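What follows is a single structure, written as structure tokens, with notes after it.
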Amino acid sequence: MKKRLLKGYLSIKILIFLMAIQLFYPSIHKGHSHVLYEEIPASNNSLKGEATLAIFRADVTITGTVTDQNGEPIPGATVSLPGTTIGTATDLDGKYSLTVPEASELVFSFIGFESQRIMIGDRSIIDVTLVEATSSLDEVVVVGFGTQKRANVTGAVSTVSGEDLARRPVVNTASALQGTTPGLTIQNNGGAPGNESTSIRIRGVGTLNNSNPLILVDGVEQSLSTVEPNNIASITVLKDAASSAIYGSRAANGVILVTTKRGEEGEVKISYNNFVGWQNPNFFPEPTDPVTWMRLENEAQANVGASPTYSETYIENVAAGTNPLEYPFADYEGGIFNPNAFQQRHSVSLSSGGKSGRIFASVNYADTDGILQNFNNKQVTMRINSDMYASDKLTIKTNLMYRNRAFNGPGFTGQRITQALLHINRNIVMEYPDGTYDLVSGQWNARAMVQEGETSRISDDVFGQLGFAYTINEALSLEGNVTLNTESTDGFIFQNSLAGMRNYVTGELVNVGGWFATSQLTESQDNQREISQRLYLNYDQSFDRHSIQTTAGYEEIYNRFKQITAYRDNFFSNDLRDINAGDVQNQRTGGYSQEWRLRSFFGRANYSFDDRYMFQANVRYDGSSRFGEGKRWGIFPSFSAGWRISEEDFLKDGSLFSDLRLRGSWGQLGNQRIGLYRYLNTYNLGTGYQFNNNLVPGTAITSAGNPDITWETTTMSNIGLDMGFMDDRIEVIAEYFYKYTDDILIELPIPRTIGYNPPVQNAAAVSNKGWELAVNYHGSPASESGFQYSVGINFSDVVNRIEDLKGTGPFFPDKFTVWTEGESINSLRGLKSPGIYKTQEDLDNYPATIFPTVSIGDIIYEDLNGDGVISQSLYPAGDQYIMGNEDPRYEFGVRFNASYKGFDFSMFWQGVLRQQHSLDGALMEGPNYTNFIPVTMAREAYHPERNPNGTWPMVRSGNSANLMESDFWLQNTSYLRLKNFQLGYTIPQNVVANLRVYVSGENMLTFTETELFDPETPRGRSQFFPHSKLFSGGVNVTF
Amino acid sequence: MKILNNTIKYIGLCYLALGLYSCDDGLDLIPPGQVSELIYWQQEKDANLAVNGIYAELDGQAMVKELDAVTDIGFRAPSGPGSFHDVCMGTFDPVNAAIGSQWDRYYRGVQRANNVLANIGRIEQGDEDLLARYEAEARFLRAFFYTQLSSLWGDVPLILDPLEITDHIGRTAKSEVVDFVIAELDQIIQGNQLPISYSQEVGRATLGAAIALKARIAYRNERYTVARDAAKAVMDLGIYELYPDYEALFQYAGQNSSEIIFDRQYAVGGDTYNAFSYAAASIGGGSVVEPVHNLFLKYGYKGPMNPDDPFENIDPRWNYTTYYTGQPIGTSTFNSLPDSPTADRVRSSEFSTVNGYNLKLMVVILIRGLSI
């Protein structure tokens, strides 16, 4: 035991030691004479002399000339004093004159050139050379195993800068990407802090199986949610086959490349960013007032001929609120929500670079309270990325990251607590003054559930990457790395026992059952360890107008996952929570492990002629342990070409276009994420039985294996058009794609008499076709007034269709969804309804009812197949039809940034023009099952006298006829949302290099038709950790 | 051009280095928690485990707890399409999942039995007598599955060998299925292939179970002479008798008692289930299955009937089976009246009873003492 402990500490110690070495490395080597990287560009201005701080701030007049790199004067360039209205423009000879306070800082700017900030010091003449701004076409884009100039990219690639990401004060990086890139769909499904559920899709859902994109952080698969946004240098989204084929059998759903920051050349730069914020529930359905609530419950009873639940005395007392122990009405919302839930994030980073190397180091801390009480998550991330110049040819690159995630909550999940809130009677005392509770059915009370027990999940993630880049000669270079990525999680769920609790008023034993009957603890240990290595050779050479770039390489990934669980119950007390304090009688253990390996060879060749014609080919050859011998290896090719029309003579001069480029690509990708060992016939050891009170093991073949199983293949074509106008101040990017996924693994039904679960077979096909459009406008740089702005709009659509199920189906993966040829994967099935029965005439017109008891006030279902009964299977066997689908159509994002003097403002709108959601569960059951009553229901429930214009069915206790899946409950969830706004101010001061303060809001405004749930709600019974909105403020400091 | 040559040279070198080991090395990963069929059927233990695997498919909770709910003595609460609720209401369709899963379960059992019978001969080392008994157990269990299948569906596919996933087998006439089951059981009975009882693994198939099963299928198929003779033979074994205490029969005391001929066994930590969801709302249940008044009407009176209290003097088995208003439940009193203050108030929630009664006893007994 002691030995093992020691080992654990040892590895942490080694880690800290390594980090310490990294941190000091550049200073250690300062004395050494590595003079190899002296060509690093010096400061851009042509200033001579040193700036010193003046003590007295009198006004001085500064004159000078502004020129471009060729020495030509720039007329009309702006010279201004930031944070003031002082400013002027240069004359025709590029000359200017301006009176400013001593020791000021001047900003020189002009369209198409990089702005420059210069301290005037004690000089009176300042000549400035402005450097032409690198347009976005010169921007370097990270692509698979390398980088490329944006102008040479021929595939469909979008990028998001780390700066844009870091500006959004969110804890989950995935949600910061929402709406930034056309074709990238991110849906925030809510979730407990640290466990937010976001679904990420690139260009639609491509398969019936796992359609998550491949997310690579520094080349290694990781979760996007946990990457520290402040550590991200850039994110590249590879959308088409040409750009992602180099990832072969993992790339069918698209690839997201996250690159972390590296040290920058120059002095040590330290920056500190923070924000503090307050979250509140967003779109949680509003409950109706207690009196209406109780009256509607009484009405539900009266409508089935039963006596009312609540007496008038009861209702009056609840309304008066004077005797809550005798006449209770639980305010669960008040009992479980945590209004103004606090959230904070701090981030310190250091960047430095010299002759011996470069380093980026950062420590981040985030602490988030849940909007349900007692939920909290803390995350600490430490990162060191370093580049050491071992010789003039060899650079050693190391990335080290340690992350600790600590989630804490009560003994129940947010889903379970929300379920309790939505489903449990309110005529109970939520909590007595002595901390005891009333329990419905012995176990239900949302307040008790948010208070009792404990859940903790503590994860240690370690990422270590050791790599090198070796320059062989001017054209050839070799790069490679070995990476270890481990995640280990300690799970702990303790549920308190409330047995023995006595009623506060009567002193009698409270009836305790279910999960509160006995204390129980489940502990789990998950370990994931991935070791990967890659080695690739780059060749880059230009002859005359020909330019060639090639890459060839090898990659191997080995992944092993292991889980063990242990369980005991009946603990000595609720406070002793070590597993040893539990009863051995019912103890249980379990565990399993799995492993996979992927071995790959890949290559890429680019050829361009005269920067006008570009060609690219990629190939990847993948071998995967997931498949049987003979089916293991697959080849994934892609080809693409680009034509930069604006470089042709006929468009080159004086044309409307500053850039015009046509791109086209075709390629094939694979999806190997289809489970493990599915090619083997195996005896399952989990089919035990029991004799005479003893467990006995048993075995059986439960699923037939399929030795012929292989990956799903996606073939994708893409056409893109890039246009730039007015010196690229207006950029338009348009894409059209067609994606066809074949050999999708489905369990084709086999005769049910065979007695196995059907094996998976490569059989189905799904297509996605769509288009994307992005328009960006950059307003003119700081004019005299100092006002500058930019607008970006993106818009996209994708149509999904199941092309082939080999004549089988329809399949019903859950009670809403249907998979059938010719329809979307996300199709919804249900009965067709023209409304509710309000008159005898309606009853005569629609005589077929789902139950004989259906009458006035119930939902009408159409007897589609005309057989006289309403049955819930798909037409023509029954009366269900495909009533819609959940695909978001016409997604858009609108970004607006503006700055004026020291102020900056940005807002970001995001939305979907067409989307549907099928209502289910408590919100439509209401008083029929003593469930939650939303205001909508109280307003809309039909009653012949009280509310003859109501659009919802009559409330009837125990009614289930109105709960069937039908288009009656289909909700329009198209929306427009102010995802984020931010107002910042850069404070003029001389103490630090930069100081900015800001306030920001997330999800502050939403326009949507439904008032019952957040439009981004996942399907189902609305039982999930509620969505939130966030108001925050923060500081960015650079020293 | 020299550089290009260099490139080719380096690429060549890299591939050479990688080519030193076979491309498939390390891609043959065997599942660490499952056994490949290639190494199965070598030792006696393999047969034991595979036969235990057949027992696991004996009637499960849905069959035992919910089948009564589709008859006129019970009610199954609604829970989405495809449940026994639809059967109970008469609105089920051809793809009803609850019915389909019973079919699947029995044919899974048949497949496991067929797999044992087809492969047990491959075991070279082992106790011959034991292996013969395992074989008889597999045949008995297969006969049991066909008894249930033919009783519920009539004509069913009679499959006696493992199938390929592409095989399609038609249905066999019910009478032939019954003939087959009786012939199988006769062979087991006449060959004395199963023991009278077990000292350790109580719950395995016995000779008595085989004879009793024969009596049951014969009785269900109106072959009364066969049924009578078989039932008599069970009684003549002299080891079964009705358990004197009806209530205790369904509790720990009644486990493996003299009334039990063959049952689904229970053990903590085994394939058990939370029957609580079937119970009354006030003790944490959801009234998934509940008795209806028709069940009450089936019980006679043990004394004079009291017109003011219909529960007075009722056959005490009614009390052991159901909760009704006035009975103690947990630490309080069951009350399902429309003005009840408890969670058991009729139709008061998703979890409460719809008809006023709740279930009390639950046990899985497949073949109980027969008295003809």
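What follows is calculated from the coordinates using simple rules that are stated; it is not laboratory data. Worth saying up front: this structure is predicted, and the values here are computed from it rather than measured. Quick reminder, even Gly has a Cβ in these numbers, built from the backbone with ideal geometry, and neighbours come from all protein chains shown.
What GluC sites (Glu not before Pro) in region B:96-151 are in a loop by DSSP, with at most 10 other Cβ atoms within 10 Å of the Cβ?
Answer in residue order: B:GLU124.
About its Cα centre, how strong a charge dipole does region A:824-948 have in debye, to the nearest 20, once Lys and Arg get +1 and Asp and Glu get -1 at the Cβ?
About 720 debye.
Within the set A:LYS239/A:LYS1029; A:LYS631/A:LYS769; B:LYS174/B:LYS214; B:LYS65/B:LYS360, which residue pairs have Cα atoms separated by over 20 Å?
A:LYS239/A:LYS1029; A:LYS631/A:LYS769, as the Cα separations exceed 20 Å there.
In square nanometres, what is one fourth of the surface area of the convex hull spanned by the alpha carbons of region B:245-350? Spell out each step's value before the answer.
On the way: hull surface 35.3 nm².
It is 8.8 nm².
Can you check what the Kirkwood hydrodynamic radius comes to for region A:863-983, Cα pairs only, in Å to one decimal?
Mean inverse Cα-Cα distance, inverted, gives 18.1 Å.
Within chain A, which whole H helices from DSSP have a Cα span along their axis of at least 15 Å and a mean Kyte-Doolittle hydropathy of 0.5 or more, if any?
The qualifying helices are A:2-28.
Can you tell me the length gained on complete extension of the stretch A:GLU267 to A:LEU1005, counting 0.36 nm per residue apart and subtracting the Cα distance?
Stretched out fully, the A:GLU267 to A:LEU1005 stretch lengthens by 261.4 nm.
In which sequence would B:LEU194, A:LEU535, A:LEU721 go, from the one with the fewest C-beta neighbours within 10 Å to the one with the most? Intermediate results must be reported in sequence, preceding the final value.
On the way: B:LEU194 23, A:LEU535 19, A:LEU721 16.
Listed from fewest to most nearby Cβ atoms, that is A:LEU721, A:LEU535, B:LEU194.
Charges at C-beta only: +1 for Lys and Arg, -1 for Asp and Glu. How large is the resulting dipole of chain A about its Cα centre, in Debye rounded to 20? Don't skip to the answer; put the middle values down first.
Working: 82 positive and 113 negative charges, 600 e Å.
Computed about the Cα centre, the dipole is about 2880 debye.
Cross-link candidates for B:LYS45: which aspartates and glutamates have Cα within less than 19 Å, leaving aside residues fewer than 8 places away along the same chain?
B:GLU37, B:GLU124, B:ASP127, B:GLU128, B:ASP129, B:GLU135, B:GLU137, B:GLU201
I'd like the distance separating the alpha-carbon centroids of region A:434-483 and region A:974-1003, in whole Å.
Centre-to-centre distance over Cα atoms comes out at 29 Å.
I need the shape label for region A:336-473. Rule: rounded when a/c is under 1.5, else prolate if a/b > b/c, else oblate, with a, b, c from the alpha carbon gyration tensor.
Note, shape of region A:336-473 comes out prolate.
Name the residue farthest towards the positive end of the dipole of region A:924-1039 from the options A:ASN947, A:THR1017, A:LEU978, assuming +1 on Cβ of Lys and Arg, -1 on Cβ of Asp and Glu, about the Cα centre.
My answer, from the dipole projection, is A:LEU978.
Residues of A:675-683, mean number of Cβ from any other protein chain within 10 Å of their own Cβ, rounded to a whole number?
The shielding value for this peptide is 5.
Once both labels are modelled 7 Å past Cα along the beta-carbon direction, what's the A:THR853-A:ILE86 spacing in nm?
The modelled label-to-label distance comes out at 8.4 nm.
At 0.36 nm per residue, and after removing the present C-alpha to C-alpha distance, how many nm does the segment from A:ASN570 to A:GLU114 gain when stretched out fully?
Working: separation 456, 0.36 × 456 = 164.16 nm, distance 6.98 nm.
Between A:ASN570 and A:GLU114, full extension yields 157.2 nm more.
How crowded by other chains is A:515-522, given as the mean number of beta carbons from other chains within 10 Å of each beta carbon?
1
Nearest 20 debye, what's the magnitude of the dipole of region A:453-560 about its Cα centre given +1 on Lys and Arg Cβ and -1 on Asp and Glu Cβ?
So the magnitude is around 300 debye.
Is there a simple number for the mean count of other chain Cβ atoms within 10 Å of the Cβ of residues in A:466-477, and what is it?
Taking all residues of A:466-477 together, the mean is 2.
Which one, A:ILE564, A:SER351, A:VAL128, projects farthest toward the positive side of the charge dipole computed for the protein assembly as shown from Cβ point charges (K/R +1, D/E -1)?
The residue sitting farthest along the positive end of the dipole is A:SER351.
Could you point to the residue in B:GLY330, B:TYR266, B:ASN313 farthest towards the positive end of region B:236-364's charge dipole, with +1 and -1 charges on the Cβ of Lys/Arg and Asp/Glu respectively?
It is B:GLY330.
Stretch B:SER277-B:GLN125 to full length: gain in nm at 0.36 nm per residue minus the Cα-Cα span? Can you show the working numbers first?
On the way: separation 152, 0.36 × 152 = 54.72 nm, distance 4.70 nm.
Full-extension gain reported as 50.0 nm.
With labels modelled as points extended 7 Å from the Cα through the Cβ direction, what inter-label distance (nm, one decimal) is found for B:GLN327 paired with A:SER311?
Inter-label distance under the simple model: 3.0 nm.
Calculate, for B:THR71 and B:GLU164, the FRET efficiency according to 1/(1 + (r/R0)^6) with r their C-beta to C-beta distance and R0 41 Å; round to the nearest 0.05.
0.60
Roughly how many whole Å is it from the C-alpha centroid of region A:800-832 to that of region A:576-603?
36
Cα axis of helix B:44-55 to longest principal axis of chain B: angle in degrees, 0 to 90, nearest 10?
On a 0 to 90 degree scale, this one is about 40.
Could you tell me the calculated FRET efficiency between A:GLU72 and A:VAL276, based on Cβ-Cβ distance and R0 = 41 angstrom, to the nearest 0.05?
Efficiency at R0 = 41 Å is approximately 0.25.
To the nearest 10 degrees, how steeply does helix B:128-153 sit against the main Cα axis of chain B, on a 0 to 90 scale?
Around 60 degrees separate the two axes.
Taking loop as defined by DSSP and a crowding limit of 11 other beta carbons within 10 Å, which trypsin sites (Lys or Arg not before Pro) in region A:573-608 fit?
Listed in order of number, the matching sites amount to none.
Round to the nearest 0.05 the FRET efficiency obtained for A:GLN594 and A:LEU466 when R0 = 30 Å and r is the Cβ-Cβ distance. Don't skip to the answer; put the middle values down first.
Details: r = 27 Å, r/R0 = 0.89.
Calculated value: 0.65.
Just to confirm the filter: which trypsin sites (Lys or Arg not before Pro) across region B:166-250 are DSSP coil and have at most 12 other Cβ within 10 angstrom of their Cβ?
Listed in order of number, the matching sites amount to none.
To the nearest Å, what is the center-to-center distance of region A:353-403 and region A:58-98, using C-alpha atoms only?
41
In Å³ and rounded to a whole number, note down the convex hull volume per residue for the Cα atoms of chain A. Walk me through the numbers before you get to the answer.
Details: hull volume 239.3 nm³, N = 1039.
Normalising the Cα hull of chain A by residue number yields 230 Å³.
Within 10 Å, count the other beta carbons around each residue, average over each peptide in A:519-528, A:847-856, and list them highest first.
Working: A:519-528: 18.5, A:847-856: 15.2.
Answer by packing, highest mean first, reads A:519-528, A:847-856.
Pull out a ≥ b ≥ c, the square roots of the eigenvalues of the alpha-carbon gyration tensor of chain B, then state rounded if a/c is under 1.5, prolate if not and a/b is larger than b/c, and oblate in the remaining case.
oblate
Between A:ALA320 and A:MET726, what is the spin-label point distance in nm, taking each point 7 Å from the Cα along the Cα→C-beta axis?
Those two pseudo-labels are separated by 7.1 nm.
Take the alpha carbon gyration tensor of region A:215-333, find the square roots of its eigenvalues, order them as a ≥ b ≥ c, and report rounded if a/c is under 1.5; if not, report prolate when a/b exceeds b/c, else oblate.
It comes out oblate by the Cα gyration axes.
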